[in-house]
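These notes are about the structure you will find just below.
The values are calculated or read from the model by the stated rules, or taken from the named source; none is laboratory data. The shown structure was predicted, so the numbers you read here are calculated from the model rather than taken from an experiment. All Cβ positions, even for glycine, are placed from backbone atoms using ideal geometry, and neighbour counts span all protein chains on display. Only protein heavy atoms, including side chains, enter the accessible area calculation; ligands, DNA and RNA are left aside. Shrake-Rupley method; radii C 1.70, N 1.55, O 1.52, S 1.80 Å.
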Amino acid sequence: MLSGSAGVSSGVNSYGNDRNDIEYANESGIFHADYKKNDDLIQMLDSNKDNLKLEAMKRIIGMVAKGRDASNLFPAVVKNVVSKNIEIKKLVYVYLVRYAEEQQDLALLSISTFQRALKDPNQLIRASALRVLSSIRVTMIVPIVMLAIRDSASDMSPYVRKTAAHAIPKLYSLDPDQKNELTTVIEKLLSDRTTLVVGSAVMAFEEVCPERTDLIHKNYRKFCNLLVDVDEWGQVLIINMLTRYARTQFVDPNNDIHPTSDGTII
């Protein structure tokens, strides 16, 4: 496997998850909460005190991390999506990404909040909002998600652009009729020169429009040059794509080799 620096991927791991979230979780003791005292979580989430809400969200995310079912807390959690406290908001979004597909009706009530969050100064909030939106499997919000992906693909943050690439296959699986528009977004992401983005862009390309080899033509040399600095997950995707591309687009050099009557090769 090739190795190298992850470019601008500081703070973000190979799969688009923010390392800061993990560090925050460990430092805050989320994975060491007392899981036996969950009866008061709803009261804590309804409190006017941010410290109580934050403690409740730590415990809830701890439950999710341990594989415990916390879906019954969705109504109480989703109300805190409008919290001004950045730590609470981050944990609420982590929870919503996990349960938005199961609790679609309630998640739909917060669509306007997610749309506003897409303009938040914090890149983590913008990316989390897009992940939540793309996790709501309801066809009526397809235009909203499409607009969010298109805008996020032009975001100044590579992390948000990477998240947009990951949202593309989700929307395509929900509404294949969006293929043309999504292909346009993929073309834009494939031209990105950030190592954090290109692997995810290739993933979206392979999922939505692998037959569009014309989108690779102008980016082929760039992918070869950036390959050494892309994370391992992205390297696998790019190498597989480049291998398929080379087999279908390059002329076979053996076609020009012809044996003579005496067996020599000319």
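Some values worked out for this structure:
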{"item": "Filter pass, Tyr159 being touching a residue at least 12 places away in the same chain (Cβ under 8 Å), aromatic (Phe, Trp, Tyr) and in contact with a Ser or Thr (Cβ under 6 Å, 6 or more places away or on another chain)", "result": "no"}
{"item": "Given (1) of a type outside the set (A, V, I, L, M); (2) in contact (Cβ under 8 Å) with a residue 12 or more places away in the chain; (3) closer than 28 Å to Thr194 by Cβ; (4) open to solvent by 50 Å² or more (accessible area, probe 1.4 Å), number of the condition Tyr93 does not satisfy", "result": "(4)"}
{"item": "Pair list, Cβ under 8 Å, 6 or more apart: the range 136-152 residue closer than 10 Å to Ile168 by Cα and free of Cβ contacts under 8 Å to residues at least 40 places away in the same chain, other residue open to solvent by less than 20 Å² (accessible area, probe 1.4 Å) and part of a loop (DSSP other than H, G, I, E, B)", "result": "Val145/Ile136"}
{"item": "Matching residues in the range 163-179 - criterion: being among the small types (Gly, Ala, Ser) and either open to solvent by less than 40 Å² (accessible area, probe 1.4 Å) or within 10 Å of the chain's Cα centre (by Cα) (or both)", "result": "Ala164, Ala165, Ala167"}
{"item": "Selection count where residues are open to solvent by 80 Å² or more (accessible area, probe 1.4 Å) and under 22 Å from the mean Cα position of the chain (by Cα), scope the range 233-251", "result": "1"}
{"item": "Subset of the range 204-232 [under 24 Å from Met146 (Cα atoms), open to solvent by less than 30 Å² (accessible area, probe 1.4 Å) and in a helix (DSSP H, G or I)]", "result": "Ala204, Phe205, Val208, Leu215, Ile216"}
{"item": "Matching residues, the range 135-149, being among the small types (Gly, Ala, Ser) and open to solvent by less than 10 Å² (accessible area, probe 1.4 Å)", "result": "Ala148"}
{"item": "Count of residues meeting criterion [of a type in the set (S, T, N, Q) and either surrounded by 22 or more Cβ atoms within 10 Å (Cβ to Cβ) or not in a helix (DSSP H, G or I) (or both)] in the range 97-134", "result": "5"}
